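Structure first, commentary second.
The values are calculated or read from the model by the stated rules, or taken from the named source; none is laboratory data. Since the model is a prediction, treat every value here as computed from it, not as a measurement. Cβ sites come from the backbone with ideal geometry, for glycine too, and all protein chains shown count toward neighbours.
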Amino acid sequence: MKIRAHHLLCIRNFNGKGYNQEFIKNFYDVISTLDKEPIEIITSADLICKKCPHLKGGACKHKEGSERRTEELDIKVIKQAGINKNSFYRYDELKKKVSSMNTITICNDCEWKRLCR
């Protein structure tokens with residue numbers, strides 16, 4: 001299963017809010033399968049993105065520059081968590097690696113950060 005690096009933080013804080021019901025249901029579906037197979041860390045559209053209304057042509061088109069900023073966030077999470085892009089991990093291992101990361105400071109530009117714990 002392919003997961004964007006920054007989505008590790010989103011998963012940790014997800015509380016049922018999202019762009020629309022299809023996106024929310026998909027997010028819950030992805031969360032329910034995290035323990036079932038290895039997770040490949042990527043910096044592009046993943047299973048969570050696939051139901052986002054802003055995904056166009058495989059890239060985030062939410063605002064101008066969104067895909068670039070999102071990839072930069074993925075890279076920041078990869079570096080701070082000590083994980084490798086395109087490497088496979090068990091979800092319990094990834095949870096430990098991001099458990100102490102502060103989403104409020106890492107995710108400065110995220111429209112959803114007000115919902116993070």
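In the set (1) of a type outside the set (Ser, Thr, Tyr); (2) in contact with a helix residue (DSSP H, G or I) (Cβ under 8 Å, 6 or more places away or on another chain); (3) under 21 Å from CYS116 (Cα atoms); (4) in a helix (DSSP H, G or I), LYS17 fails one condition alone, (4). Regarding ASP35, is this residue under 19 Å from CYS116 (Cα atoms) and in contact (Cβ under 8 Å) with a residue 40 or more places away in the chain? Spelling it out, it is not the case that ASP35 is under 19 Å from CYS116 (Cα atoms) and in contact (Cβ under 8 Å) with a residue 40 or more places away in the chain. Of the residues making up segment 20-36, those that are part of a helix (DSSP H, G or I) and over 15 Å from ILE3 (Cβ atoms) are GLN21, GLU22, PHE23, ILE24, LYS25. The condition (being more than 20 Å from SER99 (Cα to Cα) and without any contact (Cβ under 8 Å) to a residue 12 or more places away in the chain) is satisfied by just one residue among GLU71, GLU22, GLU67: GLU67. When the helices (runs of 4 or more DSSP H) confined to segment 37-117 are screened for residues that are out of contact with any strand residue (DSSP E or B) (no Cβ under 6 Å at 6 or more places or on another chain), more than 24 Å from GLY16 (Cβ to Cβ) and of a type in the set (Lys, Arg), those reaching at least 1 such residues are found at 66-81, 91-98. Picking from residues in segment 1-11 that are modelled with pLDDT of 95 or more and of a type in the set (A, V, I, L, M), the one that is farthest from ASN108 (Cα to Cα) is MET1. Taking segment 70-89 as the range and being under 23 Å from ILE24 (Cα atoms) and either among the acidic types (Asp, Glu) or more than 13 Å from the chain's Cα centre (by Cα) (or both) as the test, the residues that pass are GLU71, ASP74.
Residues of segment 12-22 include none that is touching a Leu at 6+ places or on another chain (Cβ under 6 Å), modelled with pLDDT of 95 or more and not small (Gly, Ala, Ser).
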